[in-house]
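Have a look at the structure below, then the notes.
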Amino acid sequence: MWLAAATGLSALTGVAAPELKTDVDPVCGLPRLALKSMLADNAVELQASDDLGAPGVWETLLRVAPGTQETVWFDPETPRRGRRFYRVEVRPPTEWTQAANFALNDQDGRRHDFLREGDAKAVVLVFTDNAHLAEVWARIRPLHERHGAEGVRFWLVNPTDPRGTLSGAVRDAGVKVPVLHDGAQLVARTWGVQTVGEVVALDRAQFEPFYVGALSSRYPDGTTPEVPHLGKALDEFTTGRTVAVQRVKATGDVLGLAAPRVPDYPTEIAPLVQSRCVGCHRPGDIGSFPMLRHADLVERAREIRDSVLSGSMPPWQADPAHGEFSNDFSLTPDEASRLVAWIDAGLPKGGAGDPLVENPPQAPASWALGQPDKVVSIPAQTIPSSGEVPYRYLMVKNPWNRDVWLRGAAVKPGNRAVVHHSLVFLAKTVLDFLQIQGGLGGFFAGYVPGVEDAFYPEGTGKLLPAGAYLVFQMHYTPNGKASTDTTQLGFYEAKVRPARELNTTAAYDTGFSIPPGAKDHEVVAETTVDRNSILYEMSPHMHYRGARMRFEAFYPDGRSETLLNVPGYEFDWQAMYRLKEPKRLPAGTRLRITGGFDNSKWNPWNPSPTSIVQFGEQTDDEMLIGYLNIAPE
């Protein structure tokens, strides 16, 4: 039994209502539904249900754009369902934008950020798992070959399989486009994806889907030609025409996505926020807004959700596929999934209390590692209100009159509003001072945005020789008003001499030249370990055009491995990545760092996309430095 019923038309007084005609196709035996809509300002949806009396059981089969004359639809679900009822609903002309941005890593650890695809006309997401990868690629490949040159990007998205399995599956299937890993299933959830081959085609300029649903439809009679829904939508979109059919229900194998449950705020969400967010999002710290009560999360719900989808918060940039780090504060896929599920459910508070209020964070300590044993200060510096301030080099004498082994050293900016970074070097002679070279060879202590103070790795320390000078490299960025700064360096003395002397060294390159507009200009630098050593920490350093950096080890026996991959580098939040298990490097090991620079206009932080960019100290220049905290074995 089939029934067509028009509803939702009360607001259309004086306007011709949509028409829905139903009959049974004599060839395939399926319901033939002809949807006709001459509405100028509203889209129209064809919906179906198995039971008129049950609320919330209508599912959308088809959505057509305003002004679409007639679209014919065969419902392949009828033989399985037994009976079906149909209706039409009037909808706003466009979809609600469910995210401000999203970013995912592909099978090779490359990051794909939607907002940085500005030279694309459209980005087409096609969802699949490894088992169906070859089949889905075979269906997508002709569209990729046809529309790729027209500015259409194709990204396959895998929300179900482990990240480590993607590279092999991509290689075996011969896929020639990125396969993105949606480990937390947030991108799939954002657009309600459920089946293999389901498509979300996004207008890059508007960040609106112009087509969502089935890649194509083939009906069970075996004679009806396959309907290429995505192909038709792309033909219309790329030629500037209105995409007539905006949504088609996808059928086929399900992806097996986890059904999100609504997490409990007091026992799940509040502890997660306290452990991952409140440390920065508290008064007197660097978070852009406080997270001290449930109402703070409600007020910033959309911002929090967008930050999780884009990967910008928490600001941990290491690729989880390579290396484990003891200072990792990122959200696990399960934690990200729970947080977004709670936001999507309306941020239910539950209960009368609020753990964020009942357990307020402590105020930031003056010294994160506790009161130092000794403190030195640079002379007070005056910073102008505007302009570019050249690096300042200021010398301070070792406060001890003897050799001292340290278990830690921390730089504390006197004025965080204008101190971009401060590196401290040791100089015992004039030659040492001349060889500082802007920090290319390493440094003794430092402050950069995002790096948290920490004691040196267990069993290591740094030697502060008697009579040495500490050279502060100060980089100031004016913020619109004249100000002053007195940065300090605190020392933490080791009670006993450590087993190994820790050195901060680096691999770097200064001879590069980045062309104007280059979206992914690659630069490589290497250094060789000259004796058996232990690697503890790594830190990438680039400026605003820096987009990615990878640290690799090439061992004397021919083995190689990726030690750290940072696919989404951010200049304003840098980190020292401390290996959970320090890595032994035999003498002769080559350490390679590979950096990618985005000098295009689609890089939102790019100071000048039309400039040739070379090595330099100022932030509108560039650097390629891979810092290494390493000790002889």
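Of all residues in the stretch 342-361, count the ones that are over 24 Å from the mean Cα position of the chain (by Cα), touching a residue at least 24 places away in the same chain (Cβ under 8 Å) and assigned to a loop (DSSP other than H, G, I, E, B).
Narrowing the stretch 342-361 to residues over 24 Å from the mean Cα position of the chain (by Cα): 348-361.
Filter again for touching a residue at least 24 places away in the same chain (Cβ under 8 Å), leaving 348-351, 353-357, 359-361.
So of that shortlist, the ones also assigned to a loop (DSSP other than H, G, I, E, B) come out as 348-351, 353-354, 359-361.
So the answer is 9.
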I'd like to know if the stretch 480-496 contains one or more residues that are at pLDDT below 95 and more than 26 Å from PRO372 (Cβ to Cβ). yes
Across the stretch 400-433, the tally of residues that are within 16 Å of THR486 (Cβ to Cβ), outside any strand (DSSP E or B) and modelled with pLDDT of 90 or more stands at 4
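Inspect all residues belonging to the stretch 282-291 and state whether any of them is closer than 30 Å to ALA409 by Cβ, among the small types (Gly, Ala, Ser) and modelled with pLDDT of 95 or more. Quick ask: steps written out before the conclusion?
Of the residues in the stretch 282-291, the ones closer than 30 Å to ALA409 by Cβ are 282-288.
Filter again for among the small types (Gly, Ala, Ser), leaving 284, 287-288.
With the extra rule that they be modelled with pLDDT of 95 or more, the set shrinks to none.
Looking for residues that are closer than 30 Å to ALA409 by Cβ, among the small types (Gly, Ala, Ser) and modelled with pLDDT of 95 or more, one finds none in the stretch 282-291, hence no.
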Given the conditions (1) touching a His at 6+ places or on another chain (Cβ under 6 Å); (2) surrounded by fewer than 22 Cβ atoms within 10 Å (Cβ to Cβ), and given that VAL196 satisfies all but one, which numbered condition is not satisfied? (2)
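Of THR195, THR160, THR190, which residue is touching a residue at least 40 places away in the same chain (Cβ under 8 Å), assigned by TED's automatic domain parsing to the domain that holds LEU133, among the hydroxyl-bearing types (Ser, Thr, Tyr) and over 20 Å from THR60 (Cα atoms)?
Result: THR160 is the single residue among THR195, THR160, THR190 that is touching a residue at least 40 places away in the same chain (Cβ under 8 Å), assigned by TED's automatic domain parsing to the domain that holds LEU133, among the hydroxyl-bearing types (Ser, Thr, Tyr) and over 20 Å from THR60 (Cα atoms).
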Is it the case, given these coordinates, that TRP573 is touching a Pro at 6+ places or on another chain (Cβ under 6 Å), aromatic (Phe, Trp, Tyr) and farther than 16 Å from LEU502 by Cα? yes
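If you check VAL136, VAL88, which single one turns out to be over 23 Å from the mean Cα position of the chain (by Cα), crowded, with 18+ Cβ neighbours inside 10 Å and at pLDDT below 95?
Values: VAL136 fails: at pLDDT below 95.
The conditions single out VAL88.
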Unmet requirement for LEU215, which otherwise passes all of (1) over 29 Å from ALA547 (Cα atoms); (2) touching a Phe, Trp or Tyr at 6+ places or on another chain (Cβ under 7 Å); (3) surrounded by 23 or more Cβ atoms within 10 Å (Cβ to Cβ): (2)
Of all residues in the stretch 438-477, which are in contact with a strand residue (DSSP E or B) (Cβ under 6 Å, 6 or more places away or on another chain) and over 23 Å from LEU535 (Cβ atoms)? ALA468, TYR469, LEU470, VAL471, PHE472, GLN473, MET474, HIS475, TYR476, THR477
Would the stretch 333-340 turn up any residue that is hydroxyl-bearing (Ser, Thr, Tyr) and either more than 25 Å from ALA417 (Cβ to Cβ) or surrounded by 15 or more Cβ atoms within 10 Å (Cβ to Cβ) (or both)? yes
Can you find a residue in the stretch 543-564 that is of a type in the set (Val, Ile, Thr) and over 19 Å from GLU617 (Cα atoms)? yes
Residues (at pLDDT 95 or above and at positive phi) located in the stretch 181-196: GLN185
Residues to consider are GLY323, GLY279; find the one that is in contact (Cβ under 8 Å) with a residue 60 or more places away in the chain, surrounded by fewer than 19 Cβ atoms within 10 Å (Cβ to Cβ) and assigned to a loop (DSSP other than H, G, I, E, B). GLY279
Near pairs, Cβ below 8 angstrom, 6+ apart or cross-chain, from the stretch 384-397 (assigned to a loop (DSSP other than H, G, I, E, B)) to any residue that is of a type in the set (A, V, I, L, M) and at pLDDT 90 or above: PRO384/ALA482; SER385/ALA482; VAL389/ILE383; TYR391/MET474
Any residue at all in the stretch 202-221 that's without any contact (Cβ under 8 Å) to a residue 40 or more places away in the chain, in contact with a helix residue (DSSP H, G or I) (Cβ under 6 Å, 6 or more places away or on another chain) and of a type in the set (Gly, Ala, Ser)? yes
Can we say GLY588 is in a loop (DSSP other than H, G, I, E, B), more than 27 Å from the chain's Cα centre (by Cα) and in contact (Cβ under 8 Å) with a residue 60 or more places away in the chain? yes
Can you tell me which residue among VAL375, VAL424, VAL419 is more than 18 Å from GLY467 (Cβ to Cβ), of a type outside the set (D, E, K, R) and surrounded by 20 or more Cβ atoms within 10 Å (Cβ to Cβ)? VAL419
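Just give me the residues in the stretch 579-633 being among the polar types (S, T, N, Q) and either closer than 29 Å to LYS462 by Cβ or surrounded by 14 or more Cβ atoms within 10 Å (Cβ to Cβ) (or both), in sequence order.
Taking the stretch 579-633 and keeping what is among the polar types (S, T, N, Q), we get 589, 594, 599-600, 603, 606, 608, 610-611, 614, 618-619, 629.
Hits for the stretch 579-633 are THR589, THR594, ASN599, SER600, ASN603, ASN606, SER611, GLN618, THR619, ASN629.
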Please work out which residue is nearest to ASP319 (Cα to Cα), limiting yourself to the stretch 516-575 and to residues that are over 18 Å from the mean Cα position of the chain (by Cα) and of a type in the set (Val, Ile, Thr). THR562
Residues located in the stretch 227-258, provided they are of a type in the set (S, T, N, Q) and under 17 Å from LEU62 (Cα atoms): THR242, GLN246, THR251
Just name the residue that is farthest from LEU186 (Cα to Cα) out of those in the stretch 300-314 that are crowded, with 19+ Cβ neighbours inside 10 Å and within 9 Å of the chain's Cα centre (by Cα). MET313
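Of GLY558, GLY568, which residue is at positive phi, part of a loop (DSSP other than H, G, I, E, B) and in the same structural domain as ILE625 (by TED's automatic domain parsing)? Even if it seems obvious, please write down each step before you answer.
Numbers: GLY568 fails: at positive phi.
The conditions single out GLY558.
The values are calculated or read from the model by the stated rules, or taken from the named source; none is laboratory data. Bear in mind that the values here come from a model prediction, so they are computed numbers and not experimental data. So basically every Cβ, Gly included, is an ideal-geometry build from the backbone, and we count neighbours across all protein chains shown.
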